[in-house]
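The structure under discussion appears below in the form of structure tokens.
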Amino acid sequence: MTVSSPSAAPRLRDLALLRRVRDRIDREYAQPLNVEELARGVHLSAGHLSRQFRQAYGESVYQYLMTRRIERAMSLLRIGDASVTEVCFAVGFSSLGTFSTRFSELVGVPPSVYREQGADVTAGMLPCIAKQVTRPVRNREAQPAARS
């Protein structure tokens with residue numbers, strides 16, 4: 001199938017719409033977002049958006065949103081100027097408990113522990129490198145520890 005073939009046109013259109021959704025999540029991660037609202041923004045059904053997003057990016061819309069929020073929280077916690085509660089609300093969570101649970105699932109330690117240890121991890125790194133090194137990884141994607 002070439003890019004100019006008629007069957008490629010709908011796929012390319014969907015990919016462009018998915019990129020718009022992903023860009024919106026990247027921009028508005030701190031806002032209340034849900035699949036239905038995101039789908040309406042690109043004139044797709046929520047089900048179609050969910051299926052296509054997972055196929056294109058390997059994770060659900062919700063997982064992508066949570067990863068973005070936690071990634072930003074990690075950055076704010078490394079800076080160290082705001083409390084864990086302030087960071088929680090700044091990145092779009094409405095519950096400190098949910099924030100702590102999601103943070104621990106993705107990062108492996110609670111936000112308070114990360115705050116204490118996080119700055120040391122990226123000391124001397126360029127911000128673009130620090131972002132890659134500290135990108136949250138879902139537990140199901142993490143490599144299992146070697147058994148002794």
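The values are calculated or read from the model by the stated rules, or taken from the named source; none is laboratory data. Note that this is a predicted model, so its numbers are computed, not measured. Cβ coordinates were reconstructed from backbone atoms using ideal geometry, including for glycine residues, and neighbour counts include every protein chain displayed.
Quick look at the values:
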item: Qualifying residue in the stretch 35-43 (condition: β-branched (Val, Ile, Thr) and either assigned by TED's automatic domain parsing to the domain that holds residue 110 or closer than 26 Å to residue 116 by Cα (or both)); result: no
item: Criterion: basic (Lys, Arg) and either more than 23 Å from residue 91 (Cβ to Cβ) or surrounded by 15 or more Cβ atoms within 10 Å (Cβ to Cβ) (or both) - qualifying residue of 40, 20; result: 40
item: The listed residue being buried (at least 19 other Cβ atoms within 10 Å of the Cβ), at pLDDT below 95, out of contact with any Asp or Glu (no Cβ under 8 Å at 6 or more places or on another chain) and outside the structural domain of residue 12 (by TED's automatic domain parsing), out of 107, 113, 121; result: 107
item: Within the stretch 63-79, tally of residues that are within 18 Å of residue 39 (Cα to Cα) and in contact with a helix residue (DSSP H, G or I) (Cβ under 7 Å, 6 or more places away or on another chain); result: 3
item: Qualifying residue in the stretch 90-103 (condition: at pLDDT 95 or above, closer than 14 Å to residue 26 by Cα and crowded, with 19+ Cβ neighbours inside 10 Å); result: yes
